[in-house]
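Below: one structure, written as structure tokens.
The values are calculated or read from the model by the stated rules, or taken from the named source; none is laboratory data. Remember, it's a predicted structure, so these values are computed and weren't measured experimentally. Glycine gets a Cβ as well: all are built from the backbone with ideal geometry, and neighbour counts include every protein chain shown. The area values use the complete protein model at the heavy-atom level, side chains included, leaving out ligands, DNA and RNA. Shrake-Rupley method; radii C 1.70, N 1.55, O 1.52, S 1.80 Å.
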Amino acid sequence: MLGFLKEPVVVTAKINVNLVALTVMGLISRLWGLCYPRAVVFDEVYYGQFVSLYMKRIFFVDDSGPPLGHMLLALGGYLGGFDGNFLWNRIGADYTMNVPVWSLRLLPALAGALCVPLAYQILVELHFSHCAALGAALLILLENSLITQSRFMLLESILIFFILLAVLSYLKFFNLQKHSAFSGSWWFWLLLTGVACSCAVGVKYMGLFTYMLLLAIAGLHFWHMIGDQNLSNVSLLCHFLARGLALIIIPMGLYISFFYVHLALLYRSGPHDQIMTSAFQASLEGGLARITQGQPLEVAYGSQITLRNVLGKPMQCWLHSHTNTYPIRYENGRGSSHQQQVTCYPFKDVNNWWIVKDPGMQQLVVSNPPRPVRHGHIVQLVHGITTRYLNTHDVAAPLSPHSQEVSCYIDYNISMPAQNLWRVEIVNRESDTDVWKTILSEVRFVHVNTSAVLKASGLSGASLPEWGYRQLEVVGEKLSKGYHQSMVWNVEEHRYGKSQEQKEREVELHSPTQMDITKNLSFMAKFTELQWKILTLKNEDTEHKYSSSALDWITMDTNIAYWLHPTSGAQIHLLGNVATWASANAAALVYLCLSLWYLLRRRRKIYDIPEGAWQLWMSAGGICGGGWAVNYLPFFLMEKTLFLYHYLPALTFQILLIPVVLQHLSDHLCRSVLLKSMFSALVVAWFSSVYFVYSTFSPVTYGQPALSLTQLRALRWKDTWNILIRKQ
């Protein structure tokens with residue numbers, strides 16, 4: 001029974017020494033001196049703010065992309081015990097002792113290091129030689145710009161890691177297709193492709209470019225499978241469903257799950273709340289939730305309410321009035337109604353309160369039981385403090401002469417009767433009998449007499465002059481089909497009015513309500529709103545000292561100074577390896593020219609290379625050349641501030657193309673032994689130049705050792721490079 005113990009247990013394993021060595025070298029190049037400098041480096045000042053907010057569980061919105069990358073950076077802070085207490089306000093500021101610098105920079109550095117063995121594996125899976133694969137990995141290893149970008153609390157190295165992982169996983173899956181379809185390893189690599197694509201998109205939307213490329217390649221491969229007569233219809237259907245599940249359904253689910261974790265972590269109110277809807281704000285702990293907790297849910301006749309404009313940008317504002325009137329004549333000579341001003345005010349104020357009145361009754365209190373207001377009901381809105389009715393008429397608005405003036409009606413005993421009836425239209429209703437709800441309902445107010453819609457026009461234009469206290473204009477928008485968010489309002493604060501007397505009501509308007517009704521917003525509603533804000537909320541792009549155009553990247557005519565030591569000449573720059581960048585451009589040009597030449601010759605039935613070599617050439621070009629194109633060309637269509645680091649994903653694919661072209665030239669154009677020997681010698685000399693450039697610029701890649709003025713001037717190989725030289 002125990003006979004198996006008589007013989008030793010032997011475990012054999014194949015170890016790819018190349019892969020192990022490359023991984024070790026990648027780790028050394030990215031992790032060495034990771035804590036240096038112990039100061040804020042370039043965009044760490046930007047991402048660090050979000051890490052601190054994660055540590056404190058405070059909600060924020062970053063319009064640059066999804067939350068996965070930020071959460072991974074925050075994970076590093078969490079593992080290092082960071083408490084979030086640091087003021088991220090200046091590049092070059094020294095980190096305090098409570099900031100775990102090594103931990104915060106660890107995950108980007110690990111991602112950058114693992115890109116080296118991933119590059120090796122991709123070339124192997126493309127069926128190139130181990131020598132070519134080794135060359136690709138070493139080029140990634142010695143690329144100064146990739147080293148710099150991966151050694152700090154930045155997202156590009158994490159993005160590139162997931163992009164390369166997605167490409168490698170798909171290639172492994174595809175290579176298993178013929179002999180091991182639907183096996184465990186086949187499923188593993190297919191599912192990992194979808195997961196890696198989702199993670200790439202979750203880090204930055206730039207990951208979508210590679211995701212679309214892989215979907216296109218997968219679609220092309222499946223198209224070829226359809227023509228395979230050896231596959232049954234059932235088998236084709238299974239292949240289609242497997243790819244749809246792994247490459248579309250699972251990535252979408254994962255992407256949504258990133259937001260689920262993000263929102264679960266950030267449950268406290270913060271400085272970014274104001275751009276979200278009232279319902280979203282009320283779901284956060286503190287802030288608006290403290291004000292709205294326990295408010296009545298259903299708006300009834302007699303309700304006291306504040307009305308917040310749904311647009312919320314460039315600032316939030318509430319429907320507001322005060323005792324001042326419109327001037328009899330404006331500066332341009334136009335006349336006004338001289339009625340009480342109505343504005344949109346960007347601060348909470350007692351003059352933001354309004355009372356919902358039934359036009360057929362005089363009372364301004366809620367009856368027992370309350371009579372809820374429904375979609376389509378006619379109401380009057382009475383200003384709580386001045387008790388004047390919200391009104392509009394055929395008088396031009398002060399700043400928008402094509403729209404109607406909105407006022408609170410004052411009876412001057414002239415031929416201008418009150419027109420103060422408004423129809424409530426619930427925009428997000430589920431049925432035409434929906435009740436108007438606090439926070440949840442988004443409503444339009446349509447003027448009964450003129451069909452004008454109440455609109456906060458000042459959110460897209462200038463503020464009122466001094467006579468209007470620089471507040472935002474509110475108008476009646478005529479002939480409005482559909483709706484814009486500036487025409488939509490929601491009840492933010494709400495109480496059931498109890499006092500009919502004005503003085504008692506004023507006291508009531510200053511007092512919080514305490515009725516126990518809760519308003520919960522579902523995760524999908526919060527996800528949809530947050531996703532929409534990320535996609536549509538764009539900060540004004542301003543010219544930056546180190547911004548550049550996409551054309552500047554190809555020839556590396558630009559650089560970015562990331563950090564400068566306050567006293568010595570030590571500095572860090574995002575600056576690429578000139579030899580590698582020039583070689584990558586040359587490889588892309590050679591690949592394009594050779595491909596066109598081969599295509600023309602093949603059209604004439606002349607086959608210069610074997611069919612297998614042609615397929616290999618085209619597949620490598622689809623991955624490497626296609627990866628460069630989809631990650632680079634879209635930037636010519638973008639209207640945003642661009643920086644050199646935006647080119648790094650495209651550069652990575654272009655670098656992979658270099659050994660592809662070199663091996664092809666060696667195998668198919670160098671036909672004699674002498675030519676092959678000469679070509680090999682040239683490759684060795686060229687690679688030596690790559691290492692020489694890496695070594696020359698390593699002081700400004702790692703920030704040490706500090707260089708003298710003469711050495712710094714010697715590094716300025718191009719006049720357009722901004723190498724920082726202190727004046728003596």
Check: Which of the peptides 632-645, 208-221 is most tightly packed, and how do the rest follow, judged by the mean count of other Cβ atoms within 10 Å per residue?
Finding: 208-221, 632-645
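Multiply the residue gap between Leu665 and Ala714 by 0.36 nm, knock off their C-alpha separation, and tell me the result in nm, one decimal place.
Working: separation 49, 0.36 × 49 = 17.64 nm, distance 3.51 nm.
Here the segment from Leu665 to Ala714 would lengthen by 14.1 nm.
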Item checked: Burial order of peptide ranges 53-61, 129-137, 182-190, 158-166 (average beta-carbon count within 10 Å, highest first) -> 158-166, 129-137, 53-61, 182-190
Note to self: Modelling each spin label as a point 7 Å along the Cα-to-Cβ direction, I'd like the Val9/Phe222 distance in nm, to one decimal.
What the structure shows: 4.4
Notebook entry, point to check: Could you state the number of Å between the C-alpha centres of segment 225-250 and segment 579-654?
Noted result: 29
Check: Short version: ³J(HN,Hα) in whole Hz for each residue of segment 695-707, in order, from phi by Karplus 6.51 cos²θ - 1.76 cosθ + 1.60 (θ = phi - 60°), x for Gly and Pro, what are they?
Finding: 5, 5, 9, 4, x, 9, 8, 9, x, 8, x, 5, 9
Notebook entry, point to check: Can you give me the relative contact order of the chain as a percent, contacts being Cα pairs under 8 Å and 6 or more apart?
Noted result: 14
Check: Sorting Asp63, Asp411 by accessible area (1.4 Å probe), largest first, what list results?
Finding: Asp411, Asp63
Item checked: Cα-centre dipole for the chain with unit charges at Cβ (Lys and Arg positive, Asp and Glu negative), debye to 20 -> 1360
Note to self: What are the ³J(HN,Hα) couplings of segment 239-252, residue after residue, when phi is run through the Karplus curve with 6.51, -1.76, 1.60 and θ = phi - 60°? Round to Hz, x for glycine and proline.
What the structure shows: 4, 5, 5, 5, 5, x, 5, 6, 9, 10, 5, 5, x, 5
Notebook entry, point to check: Order of 255-262, 528-535, 653-660 by packing, highest average Cβ count within 10 Å first?
Noted result: 653-660, 255-262, 528-535
Checklist line | Filtered chymotrypsin sites (Phe, Trp or Tyr not before Pro), segment 431-471: DSSP coil and at most 14 other beta carbons within 10 Å | finding: Tyr469
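Can you pull out the chymotrypsin sites (Phe, Trp or Tyr not before Pro) in segment 354-423 whose DSSP state is coil and whose Cβ has at most 14 other Cβ atoms within 10 Å?
Details: sites: Trp354, Tyr389, Tyr409, Tyr412, Trp422; in loops: Tyr409, Tyr412.
Counting only loop positions with at most 14 other Cβ atoms within 10 Å, the chymotrypsin sites (Phe, Trp or Tyr not before Pro) in segment 354-423 are Tyr412.
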Margin query: With unit charges on the beta carbons (Lys and Arg positive, Asp and Glu negative) and the dipole taken about the Cα centre of the chain, which residue among Ala706, Val406, Leu311 sits farthest to the positive side?
Written below: Ala706
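Could you tell me which of the pairs Lys478/Lys640; Lys178/Lys605; Lys204/Lys437 are separated by over 31 angstrom between their Cα atoms in the structure shown?
Numbers: Lys478/Lys640 35 Å; Lys178/Lys605 29 Å; Lys204/Lys437 37 Å.
Flagged as over cut-off: Lys478/Lys640; Lys204/Lys437.
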Margin query: Can you work out the Karplus-derived ³J(HN,Hα) for every residue in segment 17-25? Use 6.51 cos²θ - 1.76 cosθ + 1.60 with θ = phi - 60°, whole Hz, and x for glycine or proline.
Written below: 4, 4, 5, 5, 4, 5, 5, 4, 5
Check: Just how much of Tyr691 is accessible, in Å², when a 1.4 Å probe is used and the result is rounded to the nearest 10?
Finding: 120
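Subtract the Cα-Cα distance of Asn233 and Leu245 from 0.36 nm times their separation in residues, and report this length gain in nm to one decimal.
On the way: separation 12, 0.36 × 12 = 4.32 nm, distance 1.82 nm.
That pair, Asn233 and Leu245, stretches by 2.5 nm at full extension.
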Item checked: Cleavage-rule hits, GluC sites (Glu not before Pro), segment 119-222, DSSP coil, Cβ neighbours within 10 Å at most 12 -> none
Next item on the list: Round to the nearest 10 and report in Å² the accessible area of Phe240, as given by a 1.4 Å probe over the protein chains' heavy atoms.
Entry: 120
Notebook entry, point to check: So how far, in whole Å, is the C-alpha centre of segment 330-359 from the one of segment 28-68?
Noted result: 45
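Quick check: residue separation of Lys545 and Lys313 times 0.36 nm, minus the Cα distance between them. What number comes out in nm?
Values: separation 232, 0.36 × 232 = 83.52 nm, distance 2.75 nm.
Full-extension gain reported as 80.8 nm.
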Item checked: In range of the label at Trp187: residues from segment 143-168 whose backbone nitrogen is under 15 Å from the point 7 Å along Cα→Cβ -> none
Notebook entry, point to check: Considering only DSSP beta bridges whose two residues both sit in the chain, what percent are antiparallel, to the nearest 5?
Noted result: 95
Checklist line | Residues whose placed amide H lies under 5 Å from that of Gly569, excluding near-sequence neighbours | finding: Leu707
Item checked: Eligible aspartates and glutamates near Lys172 by straight Cα distance, threshold 20 Å, same-chain separation 8 or greater -> Glu125
Notebook entry, point to check: Taking amide hydrogens as modeled 1.01 Å from N in the peptide plane, which residues meet the under 5 Å criterion relative to Asn428, leaving out close sequence neighbours?
Noted result: Glu442
Check: In percent, what relative contact order does segment 289-418 have, based on Cα pairs under 8 Å that are 6 or more apart in sequence?
Finding: 25
Checklist line | Rounded to the nearest 10 Å², the accessible area of Trp489 at probe 1.4 Å | finding: 0
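Note down the relative contact order for segment 32-181 as a percent, whole number, built from C-alpha pairs under 8 angstrom at least six residues apart. Walk me through the numbers on the way to the answer.
Numbers: 190 pairs, mean separation 38.5, N = 150.
Taking the mean separation of contacting Cα pairs over the length of segment 32-181, I get 26 percent.
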Item checked: Amide H contacts under 5 Å for Ala39, placed H, 5+ residues apart -> Tyr95
